[in-house]
Amino acid sequence: MSSPSPCILVVGATGNTGVGVVHTLVDSIRSSSRFANHRIVGLTRDAQGQGALSLSALPGVTMMEKDWKLIDSKWLADEKVERLFIASHNGVSHFTDESLFLNQALEARVEYVVRISTTRQNIGPTTPVFYARNHWAIETMLEQPEFDSMGWTSLQPNGFISLVTPALQGWLKAFRETGDHNQELKLMIDGDHETALIDPVEIGNIAGKLLLLDDVSPHRSRKYNLVGPTDATGKQAVALLEEFSQTSVKNVVYRDVSWIEHAKAAGTPENVLSSLMLAPRAGYMGACSTKNSPTSPEIIELCPLKNGGLETWREALARM
């Protein structure tokens, strides 16, 4: 059996950021003098799912149904993984899973890793948000001299635009069906303070561009802040919804945390639930706006962000 050609690995290829990584790699890899003959390997939990099938139809993409948490250095070496992208989960075992994986990547002599972290304002050793502390611990681990042989970049994005979109679409759909403008609209964001939510696909686009750079030395051991290009408030989102529904939205809950019930139903421990509820707090008072938390200039130079919250929500509502 012939040896496989080297590859760029995308862990979580069908996820909200992974899709952008794969598409950027496909769009640009053949024009790269170094990576033109590299394979693009995406990992997924369901190779027969629509997302995986769509990606596997793209030129040069191989989708594999594999649990990344069980990958060892031998598999990475056998697949000749030179560079990789990882967007981990934020479950209780997050630190264990990602730190083990990155140690396997180091042992396999992976050259460069781009990873997704979380909102910069939440990251730190004393943060009450447990998974943000995990990200701090992982970044601190990567900063140790033992990891010097493996380049890495950690992207620290603000909350996703898609955290709000379904609520707006769901309200408009229900209103058109029932005519009830007193139904509750639940928004995770604050009503008055601006936040620069970000398109997760664009985060993936940035990661893809980093992975294809011939020289990643300027980005080694760097942690980049990412926020959307424009700010939005909850009240602006409501005004947009009123524009499309041609009625007043009477019953709005800002800073909504009812989503925690899904985590509770999934068996998340009580102490973790209370920690999760604090995650959106960083954006409540404007700390995650373009003014107070601008995107790192290196990212603006590499891949300027285009999709803002209000613009994206307008397009989503217009399609309904």
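Please treat every number below as a calculation from the coordinates, not as lab data. Quantities reported herein were computed from a predicted structural model and do not represent experimental measurements. Counting neighbours? That spans all protein chains shown, and the Cβs are built from the backbone with ideal geometry, glycine included.
Taking amide H atoms as placed 1.01 Å from N in the peptide plane, the amide H of Lys186 lies under 5 Å from those of Val253, each 5 or more residues away in sequence or on another chain. Based on DSSP H segments of at least four residues, each scored -39500 (n - 2.57), the chain has a per-residue ellipticity at 222 nm of -11000 deg cm²/dmol. Peptides 296-305, 267-276, 162-171, ordered by how many other C-beta atoms sit within 10 Å of their residues on average, highest first, read 162-171, 296-305, 267-276. Taking the alpha carbon gyration tensor of region 224-320, multiplying each eigenvalue by 5 and rooting it gives semi-axes of 26, 24, 13 Å, largest first.
Amide H contacts for Gly12 (H built 1.01 Å from N in the peptide plane; partners 5 or more residues away or on another chain; cut-off under 5 Å): Leu43.
Overall, the ratio between the Cα radius of gyration of region 1-116 and 2.2 N^0.38 Å, rounded to two decimals, is 1.01. Would you please classify the overall shape of region 53-194 from the alpha carbon gyration tensor, given that a ≥ b ≥ c denote the square roots of the eigenvalues, rounded means a/c under 1.5, and beyond that prolate means a/b larger than b/c while oblate covers the rest? Here region 53-194 falls in the oblate category. Placing unit charges on each Cβ (+1 for Lys and Arg, -1 for Asp and Glu) gives region 223-320 a dipole about its Cα centre, and among Leu241, Pro297, Pro280 the Cα reaching farthest toward its positive end belongs to Pro280. Counting every other Cβ atom within 10 Å of each residue's Cβ, Glu242, Glu311 order from fewest to most as Glu242, Glu311. In degrees between 0 and 90, to the nearest 10, how far off the longest principal axis of the chain does helix 234-245 point, with axes built from Cα atoms? Roughly 70 degrees between the two axes.
As a calculated quantity, the FRET efficiency between Arg281 and Leu100 at R0 = 35 Å, using C-beta atoms, amounts to about 0.70. Computed from backbone phi with θ = phi - 60° and the Karplus coefficients 6.51, -1.76 and 1.60, the 3J(HN,Hα) list for region 59-70 is x, x, 9, 10, 9, 10, 8, 8, 7, 4, 5, 9 Hz; x is used for glycine and proline.
Against the main long axis of the alpha-carbon atoms of the chain, helix 165-178 sits at an angle near 40°. Using Cβ point charges alone (K and R +1, D and E -1), the dipole size of the chain about the Cα centre works out to roughly 160 debye.
Each other residue within a Cβ distance under 12 Å of Thr312 adds +1 if Lys or Arg and -1 if Asp or Glu, for a net charge of -1.
Computed about the Cα centre, the dipole magnitude for region 109-201 is approximately 200 debye when only Lys and Arg (+1) and Asp and Glu (-1) carry charge, each at its Cβ. Among rounded, prolate and oblate, which fits region 157-206 when a ≥ b ≥ c are the square roots of the eigenvalues of its C-alpha gyration tensor, a/c under 1.5 means rounded, and a/b larger than b/c means prolate? Taking the square roots of the gyration eigenvalues as a ≥ b ≥ c, region 157-206 is oblate. Given the alternatives [x] 21.6, 65; [y] 21.7, 92; [z] 20.4, 66, Rg and Dmax of the Cα atoms in Å as computed for this entry is given by [z]. Charge tally for Thr247 (other residues, Cβ to Cβ under 11 Å; Lys, Arg +1; Asp, Glu -1): -1.
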